[in-house]
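Participant: The structure follows.
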Amino acid sequence: MTTDHRVGVTTGIARLHASPDLAGPGRLGLVTNHTGVLPDLRTAAPALLDAGARLVALFGPEHGLHGTGQAGESEAVRTDPATGLPVHDTYGRDAERLDKLLIGSGVDALVYDLQDIGARFYTYVWTMFDLMVSAARTGVRFVVADRPNPLGGLVSEGPLLDPAYAGFLGRAPVPVRHGLTCGELARYLNTSAVLDAAGTAADLTVIDAIGWRRAMHAEATGLPWVAPSPNMPTTATATVYPGTCLFEGTNLSEGRGTTQPFETVGAPYIDAGFAPALAELALPGVHFRDLRFVPTFHKHAGRPLRGVQLHVTDRDTFAPVRTAVAMLATLRRLYPDDFAWHTPGGGAEGAGHRHFIDLLWGSDRLRRAVDADDDPLKLCDPPAPPARWAGEDALLYT
């Protein structure tokens, strides 16, 4: 028998499986998807039923219960084949429909168990927020079964969201890379944005993850990695995502339609000068490799592109948001006639005619700084520790 010498972390859902009473009395609804697994990779919903939990309904986020939907999609699943429980799709539901959904489901408490990435524009945390608001309005208790932040919890990056740019990519003033677990973020939001939106705080319980420390990245936890969405296949993807997701707001491919989404960016107009220009910046913890690729879907599908792959060499010094901002400024400088911002036609993110980069960044300041050839890196300073913006009261871990 082999011995695993990694540090073991017990997730909130594993603790709930061992002690179903942690969720409190009454009928439970589970907000989950394919990432809702125990450390041995058993799916949480049937495991909780086997353990005696009074689970009566499941609630799915963006990408659906089984994680097959692409960005901006969910699934048409109405009954979970593993448990026979009804599945309620929460994605794209407004406040009134969510309230009706909770009331109609007959649950007394919602248990939230989704693997987050640690970036404000990853939508699972806003599914959590929207359901917390509905729970507060309808008298349903809310329980977060906490999981580690795969990026660790020592650093946050980027500005707080300007409320004028609020949407499903960010409902409240949270940094681009927030540095919190879902449980910590729930505690912070419950005393601020949830209170403002619902007129009262939710009846919140957080089942913390035992053994997690803020300095831990994903691999140090000893937990298996389950890709949270179709374009988040590895922990390497998650490491760069808080920065390179900003390329969704440009006319560059962010690597969707390749085997290395978000680690790879490129466009038809990129030439041999891009990678050396990035290397000259001497950004910490990352190397840029010149490469050519052809996306199979999404932007520039089927077209030969040139760009770079980000190779993270030191996660402790690598700053994904700062790195991506430096890349954007370099693109504008090298390719002023070709580089452009992307304006989508709407959708669940509420983009409409607005520049998508503004919704991702949480204001128009990054776009305006890059366009004016002003130094946008000053918008990233200082990379604050989580306690500075969320407050010590929100933190569960040291």
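Any read-out appearing in this document is the output of simple, stated calculations on the displayed coordinates, not a laboratory observation. Predicted, not measured: the structure shown is a model, and the values here were computed from it. As a convention, Cβ positions derive from the backbone with ideal geometry for all residues, glycine included, and neighbour counts pool all protein chains shown.
Participant: Would you list THR43, THR244 from fewest to most Cβ contacts within 10 Å?
Facilitator: Lowest to highest Cβ neighbour count: THR43, THR244.
Participant: Run the dipole for the chain about the Cα centre, Lys and Arg Cβ at +1, Asp and Glu Cβ at -1, nothing else charged, and hand back the magnitude in debye, nearest 20.
Facilitator: Result for the chain is approximately 220 debye, rounded to the nearest 20.
Participant: Let me ask something additional. Tabulate in residue order the Karplus-calculated ³J(HN,Hα) for segment 243-256, using 6.51 cos²θ - 1.76 cosθ + 1.60 with θ = phi - 60°, rounded to whole Hz; enter x for Gly and Pro.
Facilitator: Each residue's phi maps through the Karplus curve to give x, 6, 4, 4, 5, 4, x, 10, 8, 8, 6, 9, x, 4 Hz.
Participant: I need the phi-derived Karplus couplings for segment 292-303: 6.51 cos²θ - 1.76 cosθ + 1.60, θ = phi - 60°, integer Hz, Gly and Pro marked x.
Facilitator: 10, 7, 10, x, 8, 7, 6, 4, 6, 4, x, 9
Participant: Select from PHE121, PHE318, PHE247 the residue whose mean-square fluctuation is largest in a Gaussian network model of the chain (Cα-Cα springs shorter than 10 Å).
Facilitator: Comparing PHE121, PHE318, PHE247 in a Gaussian network model of the chain, the most mobile one is PHE318.
Participant: Please name whichever of PRO295, HIS311, THR264 sits farthest to the positive end of the charge dipole of segment 235-380, dipole taken about the Cα centre and charges placed at Cβ: Lys and Arg +1, Asp and Glu -1.
Facilitator: The residue sitting farthest along the positive end of the dipole is PRO295.
Participant: So how do 16-22, 207-213, 33-39, 179-185 stack up, highest first, on mean other-Cβ count within 10 Å?
Facilitator: Ranked from most to least packed, the peptides come out as 179-185, 33-39, 207-213, 16-22.
Participant: Nearest 10 degrees is fine. How inclined is helix 124-138 to the longest principal axis of the chain, computing both from alpha carbons?
Facilitator: It is inclined by approximately 40 degrees.
Participant: Sequence-distant or interchain residues sharing an amide H contact under 5 Å with ASP89, placed H: which?
Facilitator: Distant-sequence amide H within range of ASP89: GLY60.
Participant: Going by how many other Cβ atoms sit within 10 Å of their own, how do SER105, SER134 line up, fewest first?
Facilitator: Ordered by Cβ neighbours within 10 Å, fewest first: SER105, SER134.
Participant: About the Cα centre of segment 235-380, what is the dipole size in debye to 20, counting +1 per Lys and Arg Cβ and -1 per Asp and Glu Cβ, all else neutral?
Facilitator: 220
Participant: What does the helix-only formula give at 222 nm for the chain: each DSSP H stretch with n ≥ 4 adding -39500 (n - 2.57), the total divided by the residues, and the result rounded to the nearest 500 deg cm²/dmol?
Facilitator: Result for the chain, helices only: -7500 deg cm²/dmol.
Participant: Taking the beta-carbon count within 10 Å as an exposure proxy, list TRP389, TRP361, TRP341 from fewest neighbours to most.
Facilitator: Starting with the residue having the fewest Cβ neighbours, the order is TRP341, TRP389, TRP361.
Participant: Stokes-Einstein at 4 °C, 1.567 mPa s, Kirkwood radius from Cα pairs: D for segment 7-76 in µm² s⁻¹?
Facilitator: Values: Rh = 12.9 Å.
In µm²/s, the coefficient is 101.
Participant: Taking amide hydrogens as modeled 1.01 Å from N in the peptide plane, which residues meet the under 5 Å criterion relative to LEU55, leaving out close sequence neighbours?
Facilitator: Residues meeting the criterion, in which the H sits 1.01 Å from N, are LEU28.
Participant: Looking at the P(r) of segment 43-156, how many percent of alpha-carbon pairs lie beyond 25 Å?
Facilitator: Here the tail beyond 25 Å accounts for 21 percent of pairs.
Participant: From the backbone phi of segment 270-284, what are the Karplus-calculated ³J(HN,Hα) couplings (6.51 cos²θ - 1.76 cosθ + 1.60, θ = phi - 60°) in whole Hz, Gly and Pro given as x?
Facilitator: 5, 10, 5, x, 5, 4, x, 5, 5, 4, 5, 6, 6, 5, x
Participant: Summing Lys, Arg as +1 and Asp, Glu as -1, what charge do residues with Cβ under 13 Å from the Cβ of THR43 carry, THR43 excluded? Before the final figure, lay out the partial values.
Facilitator: On the way: positive: ARG42; negative: ASP40, ASP50, ASP80, ASP113.
Neighbourhood net charge equals -3.
Participant: Counting DSSP beta bridges in the chain, what percent are antiparallel, to the nearest 5?
Facilitator: 50
Participant: Using only the Cα atoms of segment 116-253, build the gyration tensor, take square roots of its eigenvalues as a ≥ b ≥ c, and label the shape rounded, prolate or oblate: rounded if a/c is under 1.5, else prolate if a/b is larger than b/c, else oblate.
Facilitator: oblate
Participant: Turning to a different aspect of this structure: Grab the other residues whose beta carbon is less than 12 angstrom from that of ARG292, score K and R as +1, D and E as -1, and report the net.
Facilitator: Spelling it out: positives minus negatives among the neighbours equals +1.
Participant: For the chain, build the charge dipole from Cβ charges (+1 Lys, Arg; -1 Asp, Glu) around the Cα centre, then report which of LEU131, LEU48, GLY152 sits farthest towards its positive end.
Facilitator: Sorting the options by dipole projection puts first LEU48.
Participant: Is the C-alpha gyration tensor of the chain telling us rounded, prolate or oblate? Criteria: a/c under 1.5 is rounded; beyond that, a/b larger than b/c is prolate, otherwise oblate.
Facilitator: prolate
Participant: Please label the shape of segment 235-380 as rounded, prolate or oblate, based on the square roots a ≥ b ≥ c of the eigenvalues of the alpha-carbon gyration tensor (a/c under 1.5 means rounded; beyond that, a/b larger than b/c means prolate, else oblate). Mind showing how you got there, number by number?
Facilitator: Values: a/c = 1.31, a/b = 1.10, b/c = 1.19.
Rounded.
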